[in-house]
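Everything on this sheet refers to the single structure shown next.
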Amino acid sequence: MATRQEKNDIDLAKDEVVESEFGGQAAYYVPKTKMRNVWYVLMVGTGQIAGGGANAVIATTLAQPTFVSKMSLDGPNSNSLMGGTNGSFYAGGFFGVFFAAWACDTFGRRKAMWLTGVLNIISCILCASSVNIGMFIAVRFIAGFAACQYVMQTPLYQSEIAPPHLRGLLVGTFGIFNVLGYNIANWSGVGFYHVKDSNIAWRMIFVMVGGLAIINMILVYFCPESPRWLVMKNRQAEAEQVIRLIHGDSGDDTFVKLETIQIERQVATERELNVSYIQMFADKRWRRRTLLCCLIGTVGQSTGVLVINNYGPYFYSILGMSTLQQLYLAGGYVLLSLTVATIGAFGIDKLGRIKIMVCGIAGQVVILCIETAIVAQYAGTANRSANIAGIWAFFMYCAVYGLTWDCTPYVYVSEIMPSHLRAKGVTLSIGCLYLSVCALITGALYAFGDIGWKYFLVFICAGPVGALLIWLYGPETKGKTLEEIGGIFGDELAIPELHATDESHITQKRAA
């Protein structure tokens with residue numbers, strides 16, 4: 001148990017530098033959080049509002065009577081065509097994240113996000129201009145290619161400018177912005193449902209999503225480039241200016257100097273390593289982290305979250321809800337998601353990443369078991385109480401997922417890779433996410449039409465396996481700088497520690 005004096009020493013360490021020894025020795029410091037730093041994280045995060053909106057827009061679009069009529073989706077091939085609108089989007093997203101990684105490393109984080117914005121505006125115009133279902137499905141591939149780049153770029157940039165002690169919360173805003181985009185798309189669908197002109201109603205939803213991309217492009221213009229990318233491009237002076245801008249204290253530049261040196265030395269250590277995607281799996285230095293990125297991306301969708309979200313109106317219809325009720329329920333679902341994701345973001349730095357994700361999967365699987373039993377017994381019946389219970393279970397599932405998985409995985413995968421592999425690591429994780437979604441969602445309506453409730457068993461069985469693997473092989477990362485996290489995986493650090501998280505270690509150094 002620490003003495004009162006030792007506790008005072010620890011508190012002092014959290015406010016100012018208590019030791020600074022260069023040349024490989026430890027330096028402990030917790031920077032004061034600057035509102036400018038927070039604003040930059042939030043401004044870049046608005047890109048995921050556009051990305052989330054582009055992702056979610058299909059749920060309410062498929063429920064619009066004007067869209068169904070225009071695209072002739074009331075025939076015998078309707079399930080396959082609806083599946084195609086979702087599958088083509090996520091197939092495009094798979095290729096989009098790899099393009100985004102190349103653009104981020106080649107042009108810089110800011111310019112890459114600008115390019116993504118341009119592509120999103122073009123894709124939204126094409127979606128709104130579609131004249132038949134064939135064109136719409138083809139354009140949805142382009143939309144996925146564009147919109148899904150935000151999923152890779154946003155947490156990458158946020159993790160590289162956020163201070164260590166608040167990285168979980170700040171990068172977690174990615175998930176909040178994502179579901180905010182879902183809300184805008186879904187509630188726009190509710191509003192445009194009342195517009196009876198089939199040439200305007202559903203098209204305006206895509207126009208609004210394109211407007212979100214324009215807003216993000218304007219905000220990104222005022223954000224600085226990532227200091228880690230600048231150091232990777234031998235632009236150290238600019239990197240130090242950015243660090244001073246986002247972390248510097250007008251009366252004390254200690255953290256600025258320490259972080260600049262740590263980034264420079266760590267990047268110098270990694271600079272000679274030109275690692276391909278294949279080498280990331282082959283080399284034991286990177287293999288564990290690479291497999292973790294792929295695992296997190298795959299497990300995140302293994303419980304069927306996007307199947308439930310994108311086909312929400314379908315599930316509500318088999319539980320006896322009218323078209324307007326389906327749209328309101330879809331809107332309420334994502335509104336709840338926004339609320340719980342915001343709450344969940346505040347727990348990431350307190351509870352840790354691994355515990356949150358594992359407990360989240362456990363909760364989702366339990367609720368899916370309840371949902372499966374209700375759908376198996378009462379779907380298609382006139383038992384209103386049972387149908388309402390089924391809807392309640394969907395909303396409880398949403399609450400658990402939002403609290404645990406809407407924000408946390410994006411924080412984790414963006415911080416476990418070293419600087420020169422961070423973009424590739426995030427890309428692999430998001431790529432696996434979209435591959436798994438594409439596999440699960442494209443044939444989902446076929447599966448539910450053929451085997452019904454039994455399709456839920458896929459999610460119930462896959463979830464626990466993923467949770468066990470994360471628990472066994474995923475180390476905790478909360479409270480450490482991006483460079484220090486490499487030490488957990490056995491990397492040699494240029495400066496052992498910049499940020500104090502171990503109280504006993506601080507007091508031992510004091511005593512020495």
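Measuring max minus min along each principal axis, the C-alpha atoms of segment 370-421 give extents of 58, 16, 13 Å (largest first). Extent along the principal axes, Cα only, for segment 418-474: 47, 25, 7 Å, with the longest axis given first. Projected onto their three principal axes, the Cα atoms of segment 62-202 cover extents of 53, 28, 23 Å, largest first. The calculated 222 nm mean residue ellipticity attributable to helices in the chain amounts to -25000 deg cm²/dmol, summing -39500 (n - 2.57) over DSSP H runs of n ≥ 4 and dividing by all residues.
Under a 5 Å amide H cut-off, with hydrogens placed 1.01 Å from N, Asp406 pairs with nothing among residues at least 5 apart or on other chains.
Shape analysis of segment 373-492 yields a ratio of the Cα radius of gyration to the Kirkwood radius, Rg/Rh, of 1.09. To the nearest whole percent, what portion of all C-alpha pairs in segment 188-259 is separated by more than 17 angstrom? Pairs farther apart than 17 Å: 63 percent. Please name which of Thr477, Gly181, Gln326 has its Cα lying farthest along the dipole of the chain towards the positive end, using unit charges on Cβ (Lys, Arg +1; Asp, Glu -1) and the Cα centre as origin. Of Thr477, Gly181, Gln326, it is Gln326.
Give the shape of segment 131-262 as rounded, prolate or oblate, defined through the alpha-carbon gyration tensor: a ≥ b ≥ c are the square roots of its eigenvalues, a/c under 1.5 means rounded, and otherwise the shape is prolate if a/b is larger than b/c and oblate if not. Verdict is prolate for segment 131-262.
To the nearest ten degrees, helix 236-247 and the longest principal axis of the Cα atoms of the chain are 70 degrees apart.
In degrees, nearest 10, range 0 to 90: what is the angle between the Cα axis of helix 47-61 and the longest Cα principal axis of the chain? That works out to roughly 20 degrees. Using only alpha carbons, segment 41-85 has a radius of gyration to Kirkwood radius ratio (Rg to Rh) of 1.20.
Our coupling estimate for segment 287-295, obtained by passing each phi through the Karplus curve with A = 6.51, B = -1.76, C = 1.60 and θ = phi - 60°, is 4, 4, 5, 5, 5, 5, 4, 5, 5 Hz, Gly and Pro reported as x. In units of the compact-protein estimate 2.2 N^0.38 Å, segment 222-343 shows a Cα radius of gyration of 1.70.
Over all directions, the projected convex hull of the C-alpha atoms in the chain averages 24.3 nm² in area. Calculated translational diffusion coefficient of segment 391-439 (20 °C, 1.002 mPa s; Stokes-Einstein with Kirkwood radius over alpha-carbon pairs) equals 173 µm²/s.
No lab work stands behind these numbers, since they all come straight from the coordinates. Computed from a prediction, not measured in an experiment: that's the story for all the values here. Quick reminder, even Gly has a Cβ in these numbers, built from the backbone with ideal geometry, and neighbours come from all protein chains shown.
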